[in-house]
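The values are calculated or read from the model by the stated rules, or taken from the named source; none is laboratory data. Just so it is clear, the structure is predicted and the values come from calculations on it, not from any experiment. Backbone-built Cβ (ideal geometry, glycine too); neighbour counts: all protein chains shown. The protein model used for the area step is the full one, side chains on, heavy atoms only, and it has no ligands, DNA or RNA in it. Shrake-Rupley method; radii C 1.70, N 1.55, O 1.52, S 1.80 Å.
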Amino acid sequence: MRDPRLEQLARNLVGYSLNVQPGERVLIEMIGSEREIVKCLVQEVHARGGHPYVELTDYAITAAVLRSATPEFLEHWADMHLSRMKDMDCYVAVRAGENVSELSDVPEDKMKLYKKIYSQKVHMEQRIKHTRWVVLRYPNASMAQLAGMSTEKFENFYFDVCNLDYAKMSDAMTPLQELMNRTDRVRIVGPGETDISFSIKGIGSVKCCGRRNIPDGELYTAPVRDSVNGVIAYNTVSENSGVTFENVVFRFENGKIVEATANDTARLNKILDTDEGARYIGEFSLGFNPHILYPMKDTLFDEKIDGSLHFTPGQAYEQADNGNRSAVHWDLVLIQRPEFGGGEIYFDDRLIRKDGRFVIPELEGLNPENLK
């Protein structure tokens, strides 16, 4: 018997997140071996009069392709998939790989080319800008291990998070969006080295309330490109191309990362040297999903952690654009709840969040007890 929570998730994705209309083309991409969620999505797209197109892939196969990929091949591969993406109205990706490190032994130069050519053309320039899209993980034993849970406990956690009332969350975000849109100076303070300031004046902001990523629960903008000064020390681990980074610290001067250290400082700096834009910040976001409390080395979950923020080297989103362009977009997370060391966020010298909790009346609707 099919899990009714899975059917609810498919209805939410197709009806709320994508809002599929009759006659629209929907590309469903499954990365991994799960099939039931794909069948549910196909049925929901059909029920709304849409046309589902399905692609099944595996990161182990992708890794095998990339190890010998040439720039000419990647250009052709990207153009082929770009042509297909241009034919789509909607896109949903379900990522359920059994090994999060499957791409870790692909040579760095090949991964850099893949991101610069394929990801940039197909996803950053076409899919993100010209389709209605949503991306999600899917619960399996690998994800449960990352989260330090049994498979059953993780599945329960997953459906609590992913079937949250995102329309209610959207309403609660409105006061924060209005405040962010009229703010000039932001300052972030935390234990140790973290003390960073920048401007967000005139950039605008975007609600993330179940329309693009599942799980969701963030509101993002971007710093004025050259305005960032100070130091930020991230306190969550992060996966990039199958490699785990810890204790990442950036020092900024006039917007640029001029010093970067981590457990693998050399590899970190290679990523930041992908192109000029990789050393500038393309996104600043506050996270507040009430069910996500601890990192699990999965960006889609970690960037939504209650009481967190992420400060992202690389490409800016068109909807909140500071002009930064890069093949990199790396969401690195700082959690500010007391058990992670605490911290403060100031908008125009006014304290708006302390130790992960919003402290001004108009924003209290985003504290966890008001969102569950």
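Listing for the model above:
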read-out	value
Failed condition for E98, given (1) acidic (D, E); (2) part of a helix (DSSP H, G or I); (3) at pLDDT below 85	(2)
Within region 276-307, considering residues that are closer than 22 Å to V328 by Cβ and among the β-branched types (V, I, T), the one most open to solvent (accessible area, probe 1.4 Å)	T299
Q145 more than 26 Å from N19 (Cβ to Cβ) and open to solvent by less than 40 Å² (accessible area, probe 1.4 Å)	no
Test: residue in region 234-242 that is open to solvent by 40 Å² or more (accessible area, probe 1.4 Å) and in contact with a Phe, Trp or Tyr (Cβ under 9 Å, 6 or more places away or on another chain)	yes
Residue among V161, V122 that alone is β-branched (V, I, T), in a helix (DSSP H, G or I), open to solvent by less than 20 Å² (accessible area, probe 1.4 Å) and at pLDDT 90 or above	V122
Set V54, V92: member being open to solvent by less than 30 Å² (accessible area, probe 1.4 Å) and not basic (K, R)	V92
Any hit, region 286-301, residues being touching a Phe, Trp or Tyr at 6+ places or on another chain (Cβ under 7 Å), in a strand (DSSP E or B), under 25 Å from G97 (Cβ atoms) and modelled with pLDDT of 95 or more	no
Given (1) among the aliphatic types (A, V, I, L, M); (2) open to solvent by 10 Å² or more (accessible area, probe 1.4 Å); (3) under 25 Å from N99 (Cβ atoms), number of the condition V249 does not satisfy	(3)
Region 324-372, subset under 17 Å from M173 (Cα atoms), assigned to a loop (DSSP other than H, G, I, E, B) and among the β-branched types (V, I, T), residue least open to solvent (accessible area, probe 1.4 Å)	I360
Count - residues of region 43-70 that are part of a helix (DSSP H, G or I), modelled with pLDDT of 95 or more and within 23 Å of Q126 (Cα to Cα)	1
Output for region 17-41, where each listed residue is open to solvent by 60 Å² or more (accessible area, probe 1.4 Å), touching a residue at least 12 places away in the same chain (Cβ under 8 Å) and in a helix (DSSP H, G or I)	E36
Selection status of A320, modelled with pLDDT of 95 or more, surrounded by fewer than 23 Cβ atoms within 10 Å (Cβ to Cβ), among the hydrophobic types (A, V, I, L, M, F, W, C) and closer than 30 Å to I117 by Cα	yes
Some residue of region 1-14 being open to solvent by less than 70 Å² (accessible area, probe 1.4 Å), within 21 Å of D89 (Cβ to Cβ) and in a strand (DSSP E or B)	no
